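A.B. asks: To start, I am sharing the structure in question, which I have written as structure tokens.
The values are calculated or read from the model by the stated rules, or taken from the named source; none is laboratory data. Here the structure is a predicted model, which means the values were calculated and not measured. Ideal geometry is used to build each Cβ from the backbone, glycine not excepted, and the neighbour counts take in all protein chains shown. All accessible areas refer to the heavy atoms of the entire protein, side chains included, with ligands and DNA or RNA removed. Shrake-Rupley method; radii C 1.70, N 1.55, O 1.52, S 1.80 Å.
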Amino acid sequence: MRHLARLADYCSITNMHTKNLAIVWAPNLLRSKQIESACFSGTAAFMEVRIQSVVVEFILNHVDVLFSSKLSSVIREGAGVSR
């Protein structure tokens, strides 16, 4: 995720800002067996992929906070896990 966020830093050159990266990478990062199965119609599959891309875009826009060591330690302490 950090790599993709760094790629977004070069959007002025590549035109691959976080939204474009999310659209391209979301189906691979958040693969859904339901979408791949025959039970999803075209419209439902499109909506599911759209939701996936919004989630990935959010993660890319907040990668520094979500993957910071400080947040990890707070989560571990809240869960009662000691190192």
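A.B. asks: Which residue is nearest to V63 (Cα to Cα), if the candidates are limited to the range 1-15 and must be in a helix (DSSP H, G or I) and open to solvent by less than 80 Å² (accessible area, probe 1.4 Å)? Let's see the steps before the verdict.
C.D. replies: Filtering the range 1-15 down to residues in a helix (DSSP H, G or I) leaves 2-8, 11-14.
From what is left, the residues that are open to solvent by less than 80 Å² (accessible area, probe 1.4 Å) are 4-5, 7-8, 11, 14.
Numbers: L4: 10, A5: 7, L7: 12, A8: 12, C11: 16, T14: 20 Å.
Out of the qualifying residues, it is A5.
A.B. asks: Let me ask something else. Of the numbered conditions (1) at pLDDT 95 or above; (2) open to solvent by 90 Å² or more (accessible area, probe 1.4 Å), T18 satisfies every one except a single condition; which is it?
C.D. replies: The single condition T18 does not satisfy is (2).
A.B. asks: Return the pair list, or none, for Cβ contacts closer than 9 Å from residues in the range 42-60 that are touching a residue at least 12 places away in the same chain (Cβ under 8 Å) and of a type in the set (G, A, S) to residues that are crowded, with 17+ Cβ neighbours inside 10 Å and in a helix (DSSP H, G or I), at least 6 apart or on different chains.
C.D. replies: Here the result reads S53/A22; S53/I23; S53/W25; S53/A26; S53/P27, each pair linking the range 42-60 to a residue that is crowded, with 17+ Cβ neighbours inside 10 Å and in a helix (DSSP H, G or I).
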